[in-house]
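Encoded as structure tokens, the structure appears first; notes follow it.
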Amino acid sequence: MNVNIHNFNTLDFDSIAIQPEWNLPEKRENRMHSIHAYPAKFPAFITTKAIEKASQNGITVNNIADIFCGCGTVAFESVCAGRNFWGYDINPVATLIASTKSCSYDDCRIEAYYKSILEAFEVCQIDEQNSVYKNERINYWFSKTQIDLLLRLRTAIYTSVDNQKYLNFFLCAFSNILKPCSKWLTKSIKPQVDPNKAPKSPLEAFAFQINMMRKANKEIEGIRGVAHINTANFLEQQFDEPFIDLVVTSPPYVTSYEYADLHQLSTLWLGYTDDFKTFREGTIGSLFHSEDFQLNQDKLNKTGSEIVSSLAKVDRRKAKSVAQYYVDMQLAISKVANMLNQNGACLFVIGNTEYKGIHINNAQHLVECLISEGFENIEVDRRKISNKILTPYRDANGKFASIAESSRKIYSEEFVIFAQK
């Protein structure tokens, strides 16, 4: 569906037809996409289709960016396709995974480092003065025995691996075993203890993880591009000159949990912070960096203002959060316009949602942002949502619930929005 300034105000976004081309990949995803659990993963095949669509519109795609790069799905697909990539994410756990995925490795070096890690683990002494023993959250999620073993393993990794690329590989593996080795309820959409869970052995979990990652690495046919992964808030980036041909990205859900909560085990164990809550600051739409509510309302475009005004009648706190989200998105689109080369394009995958009966039309807000920034050739399609670890289902009171418990309308589609500068 082509959208422009003339038909935007009369278009019913939910009536846009589902396009099968955006629903299913033509082949199985590379195992590298599954080396680390991550909420609401971006469908890998969409990157390839985005490159094809840009090419069909006369764009030579050499440089690709993902402004919310998450675990690096677009990064991996871009470099495998021979393009250079720039990714931005405020979450260091995400950028660790993205950096790991967008490289290829010599399997003999992996095996040698792994043997050295196991040897170092056997002789590693427990340091009872280490700060992990004093961390309240680590003690909440792990038993003393598990902490001992994980600390020895982490120490062995740092003392055995002297190459940053390979160090990232093993730290990524360590990060992904933390939840299985903890009391965290498996596949829970929020931090929740499972009192009946038997945590896995760290060494056994690590061995399984390394074996899986080695198999994934062997599947890579060749990485021909270079990935530049930045642990940074995209909203704070300045671009003196445009340098990107294509942006492919998926913003976080406006009503999802703070992602910092879901990554707290890795954040704490990898030493990114002593208090994972600090990573909420600066996260798009987070109340932890929101400005004055009235000030944000004054910045909103027409769609954003109408949605926030409706939300304020039923839940002022949520309205404040959504207002910050929309202000952040408006700034993000402006910066995308600044980083794109003339005739460059962007492709967004974004979903609508509902909160206490209020329809939150994120797609319509995003399209209005693109029109305001002067983007043209705007095409809006819908696709079926693939299986995601985190999808924000809420009950009638706005609390997270399973699909079965949710009494609100369930959105089983999301929007694919393409626009050209």
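The accessible-area ordering, largest first, of the residues Ile117, Ile90 stands as Ile90, Ile117, per a 1.4 angstrom probe.
Normalising the Debye intensity of the stretch 1-146 to I(0), with uniform scatterers on Cα atoms only, and taking log10 at q = 0.18, 0.19, 0.20, 0.21 Å⁻¹ returns -1.22, -1.27, -1.31, -1.33. Counting only alpha carbon atoms, the long axis of helix 202-219 and the longest principal axis of the chain meet at about 60°. A crude spin-label estimate for the pair Glu219 and Asn338, with each label 7 Å from Cα along the Cβ direction, gives 3.8 nm.
Ranking Cys69, Val314, Asn2 by how far each Cα lies toward the positive end of the dipole of the chain (charges on Cβ) leaves Val314 at the top. Taking the alpha carbon gyration tensor of the chain, multiplying each eigenvalue by 5 and rooting it gives semi-axes of 37, 26, 19 Å, largest first.
For Lys41, the aspartates and glutamates whose Cα comes closer than 16 Å to its Cα, not counting residues fewer than 8 places off in the same chain, are Glu29, Asp66, Glu77, Asp89, Glu258, Glu413, Glu414. What net charge is computed for the residues neighbouring Met32, neighbours being all others with C-beta under 13 Å from the C-beta of Met32, Lys and Arg scored +1, Asp and Glu -1? Neighbour charge sum, excluding Met32 itself: +3. Angle of helix 362-372 to the longest C-alpha principal axis of the chain, folded into 0 to 90 degrees and rounded to 10: 60°. Relative to the longest principal axis of the Cα atoms of the chain, helix 45-56 runs at roughly 40 degrees. For the stretch 121-170, the alpha-carbon coordinates run over 32, 22, 16 Å along the three principal axes, in decreasing order.
Residue pairs exceeding 25 angstrom between C-alpha atoms, taken from Lys179/Lys215; Lys165/Lys215; Lys165/Lys190; Lys27/Lys183: Lys165/Lys190; Lys27/Lys183.
Here, P(r) means the percent of Cα pairs in each 5 Å bin from 0 to the largest distance; for the stretch 22-91 it is 3, 16, 26, 26, 19, 7, 2, 0. The length gained by stretching the chain between Arg109 and Lys302 to full extension, at 0.36 nm per residue less their Cα-Cα distance, is 63.9 nm. Here the simple spin-label model places points 7 Å from the Cα toward Cβ, and for Ala37 and Ser131 these points are separated by 2.6 nm.
The values are calculated or read from the model by the stated rules, or taken from the named source; none is laboratory data. Predicted, not measured: the structure shown is a model, and the values here were computed from it. Using ideal geometry, Cβ is built from the backbone for each residue, glycine included, and neighbour counts are taken over all protein chains shown. What goes into the accessible areas is simple: the full protein's heavy atoms, side chains included, and nothing from ligands, DNA or RNA. Shrake-Rupley method; radii C 1.70, N 1.55, O 1.52, S 1.80 Å.
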